[in-house]
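Reviewing the structure listed below.
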Amino acid sequence: MYDDLSWVNHAWSDIVKKVKKTSDEMTVKFPSMTTDGHYCDTHAPWAWVVGFWPGLLWLLYEKEQYEPFKALAVDREILMDQPLEEYINIHHDVGFMWQLTSIKHYELFGNEKSKTRALTAASHLASRFNISGNFITAWNKNDVSSADPRGLSIIDSMMNLPLLYWAAEQLNAPRFTLIAKAHADTVLKEFIRPDGSVRHMVEFDYLDGNVKDYHGGQGYSEESAWSRGASWAIHGFALSYKFTKDQRYLEAAMKTADFFLSCLPEDHVPHWDFRAPLDESTPRDTSAAACAASGMLLISELVDDPAISSKYMRSASDILLSLHQRYTTLGQPEEQGILLGGAFNVPKGLGVNCSLIYGDYYYVEAIAKLVDRVNEKAKLNDF
Ligand code: GLY
């Protein structure tokens, strides 16, 4: 697969065609998951998913310069001012929310208001740091487990840390990096098991900082291996390595990636939890596949050793080709999502076997990275 990436440009044009249609038709502001092929609205501008649709539009805009994508992305970014100004519903997922929207807008057009939004979000994230336990507090309330939210941290947090690294660079303020690294070190110690599997939730005593309990959260149980959690770890540690060059984060990214790869079924797309009972009906999670693949492409770009780089490039390509061939909505114009087979919360029976906006986002992000590789390769061959 690695030697033949000819499918990548087809995958990209399928995506562009699909999103031109859905962006034109779709009336919801912040799509989250599909029901009967249609994206539902979160109706909560503070929800963790709201950045993915505008983020996906920016990814496409960057390559296609199709103005309606930009206009829609900017419109949604402005709507996200409401939770930022209200403050009270803000949680640790401000990284997902403002990295993909305001930072992207600022990087592409130098929009100062976008920069201020992202810096404000970074300050909120830094303020969630618990100094006794060296962790970033996930939420203000907790609907997922019995844990006290004041002492709760979750693996998804690794994807939010780049907001802090970015703020440190923008403001020449290392305190943001120190917080991000202190949190990443706690995740290394308390969330990553020796075999490379990953916990979803760790509950700390919010006063003395000691670990109190583990919770299964969106996974099968507290000792299981939720596949999207694994993908957050793979991708999140690779991002922490990109910004800090701390070798331990690269090792964690590779260790969690190796566990993930060792658990994949024949078609390279994970079941929702690697330790859930397995039969024909066990749901897959294509969002985990897409996020992990994009993270592996980042590892492959960052490592020095060409053999290791090829290994992760090949693994990511295998996953993405399978998604392209077996799980995309190509030829199904009634489906608004790009990837089928996502699983949001299996224990609660929510959003199972549907499209998830973050699955679509990471699939587009990963295919965009492959498009760049194909073009680089073409340039080299031209030489
Ligand atoms: N961040 C919540 C999830 O992965 O579903």
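The values are calculated or read from the model by the stated rules, or taken from the named source; none is laboratory data. All values derive from a computational prediction rather than experimental measurement. Backbone-built Cβ (ideal geometry, glycine too); neighbour counts: all protein chains shown. For the accessible areas, the whole protein counts, side chains as well, though only heavy atoms, and no ligand, DNA or RNA atoms are used. Shrake-Rupley method; radii C 1.70, N 1.55, O 1.52, S 1.80 Å.
Here are the numbers:
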item	result
Residue list for the range 11-38, filter: assigned to a helix (DSSP H, G or I), farther than 15 Å from LEU72 by Cα and touching a residue at least 60 places away in the same chain (Cβ under 8 Å)	ALA11, TRP12, ASP14, ILE15, LYS18
Any pair with Cβ under 9 angstrom, 6 or more apart, that starts in the range 277-288 at a residue that is over 23 Å from GLU365 (Cα atoms) and ends at one that is within 16 Å of the ligand (Cβ to nearest atom) and open to solvent by 60 Å² or more (accessible area, probe 1.4 Å)	PRO277/TYR220; PRO283/ASN353
Count of the range 81-120 residues which are open to solvent by 60 Å² or more (accessible area, probe 1.4 Å) and acidic (Asp, Glu)	4
Some residue of the range 216-227 being in contact (Cβ under 8 Å) with a residue 40 or more places away in the chain, within 23 Å of MET313 (Cβ to Cβ) and in a loop (DSSP other than H, G, I, E, B)	no
Lone unmet requirement of (1) crowded, with 23+ Cβ neighbours inside 10 Å; (2) assigned to a loop (DSSP other than H, G, I, E, B) for GLY295	(2)
Any hit, the range 52-70, residues being touching a strand residue (DSSP E or B) at 6+ places or on another chain (Cβ under 6 Å) and within 16 Å of the ligand (Cβ to nearest atom)	yes
From LEU72, LEU56, LEU108, LEU84, residue being farther than 30 Å from ILE136 by Cβ, in contact (Cβ under 8 Å) with a residue 24 or more places away in the chain and either in a helix (DSSP H, G or I) or over 16 Å from the mean Cα position of the chain (by Cα) (or both)	LEU72
Count of residues meeting criterion [of a type in the set (D, E, K, R) and outside any loop (DSSP other than H, G, I, E, B)] in the range 239-292	7
Residue check for SER240: more than 15 Å from the ligand (Cβ to nearest atom), of a type in the set (Gly, Ala, Ser) and open to solvent by less than 10 Å² (accessible area, probe 1.4 Å)	yes
Scope the range 96-110; condition under 22 Å from LYS29 (Cα atoms) and either away from the ligand (no atom under 16 Å from the Cβ) or at pLDDT below 95 (or both); matching residues	THR101, SER102, ILE103, LYS104, HIS105, TYR106
Residue tally, condition out of contact with any helix residue (DSSP H, G or I) (no Cβ under 6 Å at 6 or more places or on another chain), part of a helix (DSSP H, G or I) and within 16 Å of the ligand (Cβ to nearest atom), over the range 145-182	2
Total residues in the range 19-40, condition under 20 Å from PHE69 (Cβ atoms), out of contact with any strand residue (DSSP E or B) (no Cβ under 7 Å at 6 or more places or on another chain) and open to solvent by less than 30 Å² (accessible area, probe 1.4 Å)	3
Some residue of the range 294-313 being under 30 Å from SER145 (Cα atoms) and of a type in the set (Ser, Thr, Tyr)	yes
Of all residues making up the range 121-165, the number that are buried (at least 21 other Cβ atoms within 10 Å of the Cβ) and among the charged types (D, E, K, R)	2
Residue in the range 191-208 that is in contact (Cβ under 8 Å) with a residue 24 or more places away in the chain, more than 16 Å from the ligand (Cβ to nearest atom), among the aromatic types (Phe, Trp, Tyr) and open to solvent by less than 30 Å² (accessible area, probe 1.4 Å) present	yes
Count of the range 304-359 residues which are open to solvent by 40 Å² or more (accessible area, probe 1.4 Å), away from the ligand (no atom under 14 Å from the Cβ) and of a type in the set (A, V, I, L, M)	4
Members of the range 360-372 found to be in contact (Cβ under 8 Å) with a residue 24 or more places away in the chain and away from the ligand (no atom under 16 Å from the Cβ), listed by number	VAL364, ALA366, ILE367, ALA368, LYS369, LEU370, VAL371
Which listed residue is within 14 Å of the ligand (Cβ to nearest atom) and within 22 Å of ALA44 (Cα to Cα), from ASP93, ASP81	ASP93
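Each row is one residue, and each column tells you yes or no for (1) farther than 22 Å from PHE30 by Cα; (2) part of a helix (DSSP H, G or I); (3) more than 18 Å from the chain's Cα centre (by Cα).
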| residue | (1), (2), (3) |
| --- | --- |
| ALA307 | yes, yes, yes |
| SER310 | yes, yes, yes |
| LEU320 | yes, yes, no |
| LEU323 | yes, yes, no |
| GLN336 | no, no, yes |
| PRO347 | yes, no, yes |
| TYR358 | no, yes, no |
| VAL364 | no, yes, no |
| LYS369 | yes, yes, no |
